[in-house]
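Only one structure is covered here, and it is reproduced in the block below.
The values are calculated or read from the model by the stated rules, or taken from the named source; none is laboratory data. Quick caveat: nothing in here was measured; it's all calculated off a predicted structure. Ideal geometry is used to build each Cβ from the backbone, glycine not excepted, and the neighbour counts take in all protein chains shown. Note: areas computed on protein heavy atoms with side chains; ligands, DNA, RNA excluded. Shrake-Rupley method; radii C 1.70, N 1.55, O 1.52, S 1.80 Å.
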Amino acid sequence: MQQGTLMRKVKSKSWKKQRYFKLQEDCMTIWYQSKRTGKTESAFSISDVETVREGHQSEVLQSLAEEFPPERCFTIVFYGRRGNLDLIAGSAEEAQCWVQGLRQLIEILPLTFALVSRTWIRDWFQKADKNKDGRMNFKEVQRLLKMMNVDMNEDHALRLFQDADKSESGTLEGEEFVLFYKALTQREEVLSLFQEFSEDGKKLTLLELVDFLRQEQLEDEGTEELAMELIDKYEPSETARARHVLSADGFLMYLCSPEGSIFNPQHRVLWQDMSQPLCHYFISSSHNTYLIEDQLRGHSSIEGYIRALKRGCRCLEVDCWDGPNGEPMVYHGHTFTSKIPFREVVSTLGKYAFKVRHPSPGAGARHNPPTHLLLGAEKSWSCWPPAVRIPRGQAPWRHWVAHGASLLPTPQELKHKILLKGKKIGRLEDTLDGPGDEAADVSDDDNGAEAEERRRAKVGENQHGSALQKDKETLAQALSDCVIYCKNMPFRGFQEARSHSRPSEISSLSEAKARKLIRDEGNEFVRHNAWQLTRIYPSGMRTDSSNYNPQEMWNVGCQIVALNFQTAGTEMDLCDGFFSQNGSCGYVLKPPFMRNEETLFNPSDPSSWEGSGPITLTIQVISGQQLPKVANSKEGAIIDPLVRVEIYGVPVDQAHQETKYIENNGFNPHWDETLQFQLHVPELALIRFVVEDYDKTSRNDFVGQFTLAFANIKPGYRHIHLLSKDGTSIPPSSLFVHIRITE
């Protein structure tokens with residue numbers, strides 16, 4: 001890859017600035033500087049880059065398509081909510097050099113703990129080596145410790161420095177610095193655990209490792225095979241591997257690996273039954289997906305769809321309005337948000353809707369099966385593009401003819417399909433038997449359903465007649481014909497729905513309306529959601545795109561709990577954590593007691609609970625490793641970290657406890673504190689680990705977090721790999737904990 005390449009950094013059609021881009025010697029960092037001033041503007045790590053898109057694959061570059069050919073354009077896409085970097089190279093050859101070089105660096109970036117640590121060491125060494133001579137004197141080492149969040153006694157630091165200075169030159173270089181780092185990062189708590197199971201204190205034999213896995217990690221199946229796999233995978237010494245033993249270094253690498261994570265690796269892949277009706281699943285859902293800012297003046301962008309799909313979202317919103325020249329536009333109606341052509345949204349969905357999602361660094365192995373996609377056409381428009389058609393012979397139609405309206409299809413049956421949620425003119429049978437279509441061969445059950453539909457139409461004639469007429473005036477017939485399983489219907493109470501609604505219909509409720517129903521009719525709400533889909537959306541007062549707590553909606557089985565994906569915070573942490581299981585496919589199967597239409601379960605009434613609880617969750621928070629500094633903190637400032645564990649679930653399970661804070665140590669703080677929680681409905685519980693920088697005069701600052709469903713917790717000694725506010729990993733920052741679950 002070339003270094004010091006002059007390219008145009010583009011933010012809009014009118015904002016194009018020339019910048020020098022250079023790959024640093026560590027092959028991990030790219031910085032760019034102004035051509036005019038020579039001042040370095042910014043830098044980013046290869047580990048922050050998710051992918052590189054060639055050509056005009058962003059709205060900004062599309063707007064410049066006539067000015068710059070696609071061969072010179074490319075987009076660097078980052079993990080999380082960080083904005084993309086649109087670049088225009090001086091030639092097609094330069095563009096290809098960067099595109100292919102970046103892709104190779106991303107591809108070969110191993111996510112092992114050892115490499116992350118080596119990269120981390122190198123980065124800090126280069127930052128602290130002020131005179132760039134490749135050596136570090138003691139003054140530079142002291143500066144390094146401050147930068148690394150360590151406030152160490154000067155005498156102790158000098159002792160470590162002198163022990164590592166084998167050449168007695170008064171400086172550290174090469175392997176000497178590695179020795180100093182190893183002494184600095186010695187994990188006494190891990191070494192103590194290792195020696196507890198090692199007879200000679202130097203190695204774990206195969207049988208000793210098996211004992212550890214069974215007694216502490218509660219691995220009870222294929223333990224010997226697992227022990228052999230761990231030695232082969234994580235033992236750095238070839239000699240030790242040949243002898244089937246695990247050294248202390250190998251033991252630490254195992255504990256920091258996906259197999260040593262708190263998240264059960266078996267739940268990172270698709271592991272749940274996908275043959276249940278749609279209403280039996282929680283579905284990852286976004287609100288006003290096209291917006292990437294606020295609800296009134298925010299920017300509408302296809303990036304909103306791309307980012308949501310990459311996060312595993314399977315229910316998107318497309319608010320369409322009639323645009324100029326008969327072309328529908330997507331935007332938040334009656335506001336000042338920008339607009340994007342509907343055809344661009346469709347094109348984007350075609351590229352990303354069923355794409356396998358790659359994990360962010362540190363997330364562990366994931367597989368995102370291309371399940372179906374649910375699109376919410378929240379507004380109606382009369383000009384339905386002729387290019388957009390759903391063939392009548394596809395699965396949704398065949399399933400309806402076979403099963404009638406009595407049963408929703410399964411995610412498995414709808415794989416690679418797109419369902420449209422929206423208004424519909426008339427009945428589904430009218431669509432099936434319409435002009436140009438052969439009449440469906442319906443069964444007696446379907447005739448009965450048809451008769452029921454006619455009865456309903458007669459009963460509701462006065463109430464719904466005017467609304468139907470309005471729909472006919474504003475809704476394109478072709479659009480109406482695409483709505484099969486998710487026909488929008490107003491909610492008029494659970495009794496009305498049970499008497500007159502079908503599973504193929506769906507109601508949308510505001511968060512305030514949903515809360516009232518939860519409070520007044522909790523059990524009826526759970527029963528309703530056992531056979532019909534319900535969508536919840538944010539209050540119209542949330543113009544800043546803030547979010548409500550999704551947990552209270554999941555507690556009553558609401559499937560489509562729509563959140564503003566563009567807004568970071570606790571609510572999106574819960575959403576990301578909940579849907580990180582089951583292959584991150586965007587579907588999580590409800591517990592059995594929420595799939596029964598006659599269930600007695602009410603999240604607010606302990607006497608109605610039918611789950612497996614109560615259980616006791618005991619968490620020993622042992623230590624932290626290499627915690628990041630707080631953003632925008634003062635130079636030389638060192639964090640005072642504490643850990644808070646938060647439980648989200650049914651009201652009686654909601655709780656939080658925290659450790660004491662450790663003063664001036666973000667590098668290797670030790671808490672050794674035990675927190676204990678009682679969970680009455682563990683099937684619905686989410687656990688959020690939060691690290692904060694304690695401040696006695698103001699609100700604590702956020703450092704990192706990790707959220708997962710209780711069902712995905714692996715007991716034993718585990719590492720928790722922390723995520724940033726944007727949901728991206730921050731290697732090698734982690735917590736070391738011991739988990740116990742008892743009935």
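Here are a few things to note about the model shown:
Listed here are the residues, each with its yes/no results for (1) more than 30 Å from M228 (Cα to Cα); (2) open to solvent by 20 Å² or more (accessible area, probe 1.4 Å); (3) in contact with a Cys (Cβ under 8 Å, 6 or more places away or on another chain); (4) not charged (D, E, K, R).
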position: R307; (1), (2), (3), (4): yes, yes, no, no
position: C315; (1), (2), (3), (4): yes, no, no, yes
position: V330; (1), (2), (3), (4): yes, no, yes, yes
position: G333; (1), (2), (3), (4): yes, no, no, yes
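- Residue among E229, E303 that alone is over 30 Å from Q412 (Cβ atoms), open to solvent by less than 40 Å² (accessible area, probe 1.4 Å) and outside any loop (DSSP other than H, G, I, E, B): E303
- Among the residues of segment 689-703, the one identified as open to solvent by less than 40 Å² (accessible area, probe 1.4 Å) and out of contact with any Asp or Glu (no Cβ under 9 Å at 6 or more places or on another chain) is V691.
- One residue stands out among those in segment 560-584 that are open to solvent by less than 10 Å² (accessible area, probe 1.4 Å) and over 11 Å from the mean Cα position of the chain (by Cα): the one that is farthest from K415 (Cα to Cα), which is N564.
- For segment 262-275, taking the residues that are of a type in the set (S, T, N, Q) and either open to solvent by 40 Å² or more (accessible area, probe 1.4 Å) or in contact with a strand residue (DSSP E or B) (Cβ under 6 Å, 6 or more places away or on another chain) (or both), the one that is farthest from F706 (Cα to Cα) is identified as S275.
- Selected residue [closer than 14 Å to K424 by Cα, at pLDDT below 90 and touching a helix residue (DSSP H, G or I) at 6+ places or on another chain (Cβ under 8 Å)] from D445, D441, D481: D481
- Residue in segment 707-717 that is polar (S, T, N, Q), surrounded by fewer than 16 Cβ atoms within 10 Å (Cβ to Cβ), at pLDDT 95 or above and farther than 25 Å from L184 by Cβ present: no
- Candidate set from segment 534-554 (those that are more than 19 Å from L517 (Cβ to Cβ) and touching a Leu at 6+ places or on another chain (Cβ under 8 Å)); member that is most open to solvent (accessible area, probe 1.4 Å): T543
- Checking each residue in segment 335-346 for being assigned to a helix (DSSP H, G or I) and either of a type in the set (A, V, I, L, M) or open to solvent by 60 Å² or more (accessible area, probe 1.4 Å) (or both) picks out R343, V345, V346.
- Filter result (surrounded by 20 or more Cβ atoms within 10 Å (Cβ to Cβ) and not β-branched (V, I, T)) within segment 626-639: Q626, L627
- Any hit, segment 581-593, residues being in contact with a helix residue (DSSP H, G or I) (Cβ under 7 Å, 6 or more places away or on another chain) and over 30 Å from A308 (Cβ atoms): no
- From the list A637, A562, A655, the lone residue that is touching a Phe, Trp or Tyr at 6+ places or on another chain (Cβ under 7 Å), free of Cβ contacts under 8 Å to residues at least 24 places away in the same chain and not polar (S, T, N, Q) is A655.
- Number of the condition not met by G557 [criteria: (1) touching a His at 6+ places or on another chain (Cβ under 9 Å); (2) closer than 23 Å to L309 by Cα; (3) surrounded by fewer than 19 Cβ atoms within 10 Å (Cβ to Cβ)]: (3)
- Here Q195 fulfils each of the conditions (1) touching a residue at least 40 places away in the same chain (Cβ under 8 Å); (2) open to solvent by 50 Å² or more (accessible area, probe 1.4 Å) apart from (1).
- Matching residues, segment 669-679, being crowded, with 20+ Cβ neighbours inside 10 Å and either more than 27 Å from the chain's Cα centre (by Cα) or not assigned by the TED database to the domain that holds P628 (or both): P669, W671
- Of the strands (runs of 3 or more DSSP E) lying entirely inside segment 684-743, the ones with 3 or more residues being without any contact (Cβ under 8 Å) to a residue 60 or more places away in the chain and outside the structural domain of E552 (by the TED database) are found at 686-693.
- Failed item, numbered, when F689 is tested on (1) farther than 16 Å from P641 by Cβ; (2) modelled with pLDDT of 95 or more: (1)
Quick grid of which residues meet (1) of a type outside the set (V, I, T); (2) under 21 Å from S47 (Cβ atoms); (3) modelled with pLDDT under 80; (4) not in a loop (DSSP other than H, G, I, E, B):
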{"position": "I121", "(1), (2), (3), (4)": "no, yes, yes, yes"}
{"position": "Q126", "(1), (2), (3), (4)": "yes, yes, yes, yes"}
{"position": "D133", "(1), (2), (3), (4)": "yes, no, yes, no"}
{"position": "E140", "(1), (2), (3), (4)": "yes, no, no, yes"}
{"position": "L145", "(1), (2), (3), (4)": "yes, no, yes, yes"}
{"position": "L160", "(1), (2), (3), (4)": "yes, no, no, yes"}
{"position": "D163", "(1), (2), (3), (4)": "yes, no, no, yes"}
{"position": "K166", "(1), (2), (3), (4)": "yes, no, no, no"}
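- Qualifying residues in segment 59-94 (those that are among the charged types (D, E, K, R) and either in the same structural domain as S301 (by the TED database) or assigned to a loop (DSSP other than H, G, I, E, B) (or both)) - the one least open to solvent (accessible area, probe 1.4 Å): R81
- Residue within segment 587-595 that is among the charged types (D, E, K, R) and more than 25 Å from G80 (Cα to Cα) present: yes
- Where a residue in segment 506-521 is β-branched (V, I, T) and its partner, wherever it lies, is open to solvent by 30 Å² or more (accessible area, probe 1.4 Å), with Cβ under 7 Å and at least six apart: I506/K487; I506/N488; I506/M489; I518/E552
- All conditions but one from (1) in a loop (DSSP other than H, G, I, E, B); (2) small (G, A, S); (3) under 30 Å from H416 (Cα atoms); (4) open to solvent by less than 40 Å² (accessible area, probe 1.4 Å) apply to S285; the one that does not is (1).
- Selection from segment 517-550 of residues that are in a helix (DSSP H, G or I) and closer than 21 Å to I506 by Cβ: L517, I518, E521, G522, N523, E524, F525, V526, R527, H528
- Test for L270: is it closer than 27 Å to E189 by Cβ and among the aliphatic types (A, V, I, L, M): no
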